[in-house]
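Below is one structure; the comments refer to it alone.
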Amino acid sequence: QVQLVESGGGVVQAGGSLRLSCAASGSSFSINTIGWYRQAPGKQRELVATIISGGTTKYADSVKGRFTISRDDTKNTVSLQMNSLKPEDTAVYYCAANSLGRPYWGQGTQVTVSS
């Protein structure tokens with residue numbers, strides 16, 4: 001079992017920055033892939049960024065160059081630095097992890113970007 005707890009959401013003006021963090025506990029040593037997804041009102045949940053244990057990252061085209069994902073396996077955390085935020089980045093952001101082939105999700109944190 002893996003538990004994921006997100007923090008760092010909030011309200012920011014367009015062009016601003018936010019940093020999301022996700023703390024993993026439980027069997028976190030078995031996590032291979034961890035990252036962030038988001039879901040805007042009326043839309044499907046979509047991938048934002050992921051990072052595997054070897055450090056390889058993957059980003060949605062819409063956030064490339066603006067968002068940076070990082071992980072600290074010594075602290076069992078993953079962070080998402082979000083810069084140059086746009087109103088279309090408004091969504092609930094979920095931390096997600098894959099451990100031994102099983103997906104785990106956090107509760108989500110709201111990010112609102114005002115124009």
- Query: So what J values fall out for region 102-110 if you push phi through Karplus, 6.51 cos²θ - 1.76 cosθ + 1.60 with θ = phi - 60°, rounded to Hz, Gly and Pro as x?
  - Reply: 10, x, 10, 10, x, 7, x, 9, 7
- Note on the structure: For Lys64 and Ser27, extending 7 Å from Cα along the Cα-Cβ vector and measuring point to point gives, in nm, a value of 3.5 nm
- With contacts defined as alpha carbon pairs under 8 Å and 6 or more residues apart, what's the relative contact order of region 4-58 in percent? 24 percent
- Query: What residues of region 24-46 lie in the reach of a label at Asp72, counting those whose backbone N is under 20 Å from a point 7 Å from the Cα along Cα→Cβ?
  - Reply: 24-36
- Query: How would you rank 97-107, 75-85, 39-49, highest first, on the average number of other Cβ atoms within 10 Å across their residues?
  - Reply: 75-85, 97-107, 39-49
- Query: Gly10's amide H: which non-local residues (gap 5+, or another chain) put their own amide H closer than 5 Å, with H modeled 1.01 Å from N in plane and none for Pro or chain starts?
  - Reply: Val111, Thr112
- Task: Hey, can you find the accessible area per residue of the chain for me, probe 1.4 Å, expressed in square angstrom?
- Result: 53 Å²
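The values are calculated or read from the model by the stated rules, or taken from the named source; none is laboratory data. Everything numeric in this text was worked out from a predicted model, so none of it was measured. When we count neighbours, we look across all protein chains shown, and the Cβ atoms used for this are built from the backbone with ideal geometry, even at glycine. Just so you know, the surface numbers come from the protein's heavy atoms only, side chains and all, with ligands and any DNA or RNA stripped out. Shrake-Rupley method; radii C 1.70, N 1.55, O 1.52, S 1.80 Å.
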